[in-house]
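The values are calculated or read from the model by the stated rules, or taken from the named source; none is laboratory data. Remember, predicted model here, so these are calculated numbers, not experimental data. So basically every Cβ, Gly included, is an ideal-geometry build from the backbone, and we count neighbours across all protein chains shown. Ligands, DNA and RNA are excluded from the accessible area calculation, which covers all protein heavy atoms including side chains. Shrake-Rupley method; radii C 1.70, N 1.55, O 1.52, S 1.80 Å.
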Amino acid sequence: MNASIDHAYSPPLAGASRSPCPALNALANHGYLPRNGRGITALQLVRALVEVYNFSVPLAVVLSVVGVVLCGNWWSLDLHQLAKHGLIEHNGSLVHDDAHPHEVYAPTAVDPKLVAQLLALSPSPSLTLRDFARARALRDGSIPAPLDKVHSEIARGEAVLTMQTFGSGDQNVDEVGGLDGAVSKAFLEQWLGQERLPDGWHKPQVPIGLVGTASRSRNLAKMIRELRKSYSSRCREHTLP
Ligand code: HEM
């Protein structure tokens, strides 16, 4: 990537295209993807994911090709095309409202109330994988119809990619979450809330790959199942408010 390009944060100008994905919007807001969010090729996506977030090339290729082929025009996409409801986009997102009934595109603006709800899940200054499991269970319980298998997998994938990209291994290590430890709320506020690369954050030292992502996603699925079981037994015992 051209080192002379300016990568300072700048919010999108009027008419720029943006997606429901904080990772890609932040890349556009910092000029690692075209700042207008339009005509983005799979190659541009792969390069940016590898350079900025240290994704492995295979994982970056899978995500980018699926995004461009499924939502774009085979060759390239405008970020807003990723908001087409029911393709990759799904209800029960952590920081975006659900698609309005009969709307083709889901909202791309972040809902500050959902950001606050996510960050309030733990009194500590960071969130663990277990907190993300609680967040998913909470959002899954708030939507009119459960997510199908593919969209549940996508929703878990979003959480584990976030943990791997922004998690630190040295604080509050979770026994099932393993090496990712916890994600600083300050990072999440900036990345999820303002769609900018957080101050003081450095990309992971080890590339984020397909195998590690799949295994963390299985851990997260297990945690969510356990939480659901405990919620339903507490409901039966009338110990929930
Ligand atoms: C080419 C790569 C990517 C594509 C095509 C893509 C696409 C999407 C789409 C369509 C959504 C909306 C899903 C929903 O309804 O919530 C989404 C959300 C999300 N993506 Fe990405 N994404 C990519 C890369 C990444 C990366 C690298 C990360 C993490 C480092 C990431 C993290 C997230 C998160 C956390 C959300 C959920 C936002 C919310 O819950 O409100 N994505 N992505």
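Within segment 47-69, restricting attention to residues that are within 8 Å of the ligand (Cβ to nearest atom) and over 11 Å from residue 24 (Cβ atoms), the residue that is most open to solvent (accessible area, probe 1.4 Å) is 66.
Taking each residue of segment 77-90 that is more than 8 Å from the ligand (Cβ to nearest atom) and looking for partners that are basic (Lys, Arg) and open to solvent by 40 Å² or more (accessible area, probe 1.4 Å) with beta-carbon atoms closer than 8 Å, six or more apart or interchain, yields 78/38; 79/38.
The residues of segment 92-126 that are within 10 Å of the ligand (Cβ to nearest atom), part of a loop (DSSP other than H, G, I, E, B) and under 16 Å from residue 142 (Cα atoms), listed by number, are 92, 93, 94, 95, 96, 97, 98, 99, 111. Scanning segment 1-33 for residues that are open to solvent by 20 Å² or more (accessible area, probe 1.4 Å), under 20 Å from the mean Cα position of the chain (by Cα) and farther than 20 Å from residue 201 by Cβ returns 12, 18, 20. Residue 34 meets each of the listed conditions (1) touching a residue at least 12 places away in the same chain (Cβ under 8 Å); (2) at negative phi apart from (1).
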